[in-house]
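I have placed the structure first, in the form of structure tokens, so that the comments after it can refer back to it.
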Amino acid sequence: RLYGMSTAAAQKRAAELIDMLELEGAADRKTGTYSGGQKRRLDIGLGLVHGPKLLFLDEPTTGLDPQSRARVWDEVRRMHDRGTTVFLTTHYLDEADALCDRVAIIDYGKIVAEGTPEELKRAIAGDVVTFSVAGEQRRALDLIQGEPFVREARLENGSVHLYVDRGEQAMPAILRLLDGANLQLLTVELHRPSLDDVFLRQTGRSLRESPA
């Protein structure tokens, strides 16, 4: 009644959300007996029940298991397809990449970057190489950051992050430099820029290092 829904429509929608959020076993229990994860899913369901035209979701999948998280993603996509405008805040950058038409990165209350996910990622030219060596990350950074193929280099979470023009060509040169300096390579990864890389580039730290 609060949302102007008929009893039949409300019951049908409630059944859909109970199934989507996997609350079947808790539907007939008092909410005071719910676990933290169940309460989180119930909060999401209450926001979705009336199919609003404008919806604000604040960290909607925090604390959910991967399957429940995927179901919430699917429902958000369906609402978008039906014309609902969704404002989503999230610390999961893969979630922002998958769901959002436009993304704003906020650092200490200020918008530092804004655009579509693809626009933000394209702003980081080239590829990203991430590697770690045995105990001498700073020496590895100092060794490589002056090379002509390196656009930018930094240490983050115990690894060296390099922004390079052509990753497939830079990798052999990086390996030769590390080997020539007797630095033992532990891990290495080459990938296209992600929203994680955009956040790191814009704020100087990863989202994991950001204040809650």
Verdict on Ala104 being within 20 Å of Gly204 (Cβ to Cβ), within 19 Å of the chain's Cα centre (by Cα) and without any contact (Cβ under 8 Å) to a residue 60 or more places away in the chain: yes
Residue in segment 56-66 that is under 30 Å from Lys121 (Cα atoms), part of a strand (DSSP E or B), among the aliphatic types (A, V, I, L, M) and touching a Pro at 6+ places or on another chain (Cβ under 8 Å) present: no
Matching entry among Ser194, Ser132 (being in contact with a strand residue (DSSP E or B) (Cβ under 6 Å, 6 or more places away or on another chain), of a type in the set (Gly, Ala, Ser) and touching a residue at least 12 places away in the same chain (Cβ under 8 Å)): Ser132
Test for Phe149: is it modelled with pLDDT of 95 or more, among the aromatic types (Phe, Trp, Tyr) and surrounded by 13 or more Cβ atoms within 10 Å (Cβ to Cβ): no
In segment 161-183, the residues that are of a type in the set (Val, Ile, Thr) and modelled with pLDDT of 95 or more: Ile174
Close pairs from segment 145-165: first at positive phi, partner surrounded by 14 or more Cβ atoms within 10 Å (Cβ to Cβ) and in a strand (DSSP E or B), Cβ under 8 Å, at least 6 apart: Gly158/Ser132
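For (1) within 19 Å of Ile18 (Cα to Cα); (2) assigned by TED's automatic domain parsing to the domain that holds Ala15, each residue gets a yes or a no:
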{"site": "Asp43", "(1), (2)": "yes, yes"}
{"site": "Leu57", "(1), (2)": "yes, yes"}
{"site": "Asp74", "(1), (2)": "yes, yes"}
{"site": "Thr84", "(1), (2)": "no, yes"}
{"site": "Asp97", "(1), (2)": "no, no"}
Counted residues, segment 1-38 - those being within 22 Å of Thr62 (Cβ to Cβ) and at pLDDT below 85: 7
Unique residue being touching a His at 6+ places or on another chain (Cβ under 6 Å) and of a type outside the set (Phe, Trp, Tyr) when the list is Val164, Val150, Val128, Val103: Val128
Residue match in segment 75-92 (condition: within 30 Å of Arg166 (Cα to Cα) and part of a loop (DSSP other than H, G, I, E, B)): yes
Conditions (1) buried (at least 16 other Cβ atoms within 10 Å of the Cβ); (2) part of a helix (DSSP H, G or I); number of the one not met by Leu46: (1)
Which numbered condition Thr203 misses (of (1) of a type in the set (Val, Ile, Thr); (2) at pLDDT below 90; (3) exposed (fewer than 12 other Cβ atoms within 10 Å of the Cβ)): (3)
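The values are calculated or read from the model by the stated rules, or taken from the named source; none is laboratory data. All values derive from a computational prediction rather than experimental measurement. No Cβ is skipped: glycine too gets one built from the backbone with ideal geometry, and neighbour counts run over all protein chains shown.
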